[in-house]
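Accompanying notes for the structure given below.
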Amino acid sequence: MQTHKIEIKPNNKQTTFLLKSCGTRRFSYNMALDLWNKEYLAGNKPNMLSVKKIINATKPKWAYDVSKCCVDCGVMDLGKGFNNYFKNPKHFKHPTFKRKGEKDSFRLDNEKFHITGNKLKIAKMKTPLKLTEELRFEGKMMNCTISRRANK
């Protein structure tokens with residue numbers, strides 16, 4: 001497995017879309033954590049799939065403006081966080097709520113994005129994003145993580 005880390009150059013509308021996507025992922029993560037904690041305190045044994053069903057049934061209308069992967073990856077990341085915590089509580093902390101602007105990111109699976117040359121096309125985004133360079137390696141891309149570092 002190899003990773004590319006390439007800077008993107010979004011325009012104002014694309015930046016707004018990317019920030020909405022990060023916000024949707026953070027919202028789903030926090031909502032899932034809240035549901036998980038409530039279920040656990042009620043004496044139930046919550047899992048990622050049961051929480052994901054509730055979130056998909058109750059997500060707000062603005063969550064449909066971005067790719068569905070944003071909601072799904074927030075719930076999956078929480079499930080992974082709890083699995084790590086239960087396997088090794090000395091090494092991993094209990095999952096906590098995410099705050100706006102801290103490590104903003106979202107992930108897309110291989111069906112929700114496409115790269116051609118130095119353009120990245122994301123599902124539900126009208127125009128492709130400009131990449132600062134082309135891909136350096138050959139192979140099948142399994143997922144794409146878009147993260148904000150230093151406001152870029």
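The values are calculated or read from the model by the stated rules, or taken from the named source; none is laboratory data. What you see is a predicted model; the values in this text were computed from it and never measured. Neighbour counts are summed over all protein chains in view; Cβ atoms, including those assigned to glycine, are modelled from backbone coordinates with ideal geometry. Side chains are part of the model used for accessible areas, which takes the heavy atoms of the whole protein and leaves out ligands, DNA and RNA. Shrake-Rupley method; radii C 1.70, N 1.55, O 1.52, S 1.80 Å.
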Nearest-ten-degree value, helix 68-87 long axis tilted from longest Cα axis of the chain: 50
Rounded FRET efficiency, nearest 0.05, which uses the C-beta distance separating residue 45 from residue 11 and R0 of 41 Å: 0.30
Helix 48-58 axis, angle to the chain major axis (alpha carbon atoms, nearest 10°): 70
Anisotropy class of segment 35-105 from Cα gyration tensor, a/c 1.5 cut: oblate
Structure-derived log10 I(q)/I(0) by the Debye sum over Cα atoms at q = 0.12, 0.17, 0.19, 0.21 Å⁻¹: which label, when the choices are [x] -0.69, -0.94, -1.13, -1.33; [y] -0.56, -1.03, -1.20, -1.35; [z] -0.49, -0.99, -1.20, -1.39: [y]
Sparse-neighbourhood loop sites, chymotrypsin sites (Phe, Trp or Tyr not before Pro) in segment 93-128 - DSSP loop, at most 16 other Cβ within 10 angstrom: 97
Reachable aspartates and glutamates, given that their alpha-carbon falls under 17 Å from the alpha-carbon of residue 61 and they are not under 8 places away in the same chain: 72
Accessible surface, segment 1-63, averaged per residue in Å² (probe 1.4 Å): 68
Expected 222 nm ellipticity per residue - DSSP helices of 4 or more, -39500 (n - 2.57), all of the chain, to 500: -14000 deg cm²/dmol
Cross-link table 53/119; 59/152; 20/124, entries beyond 22 Å C-alpha to C-alpha: 53/119; 59/152
Whole-percent carbon and sulfur share, accessible surface of the chain, 1.4 Å: 53
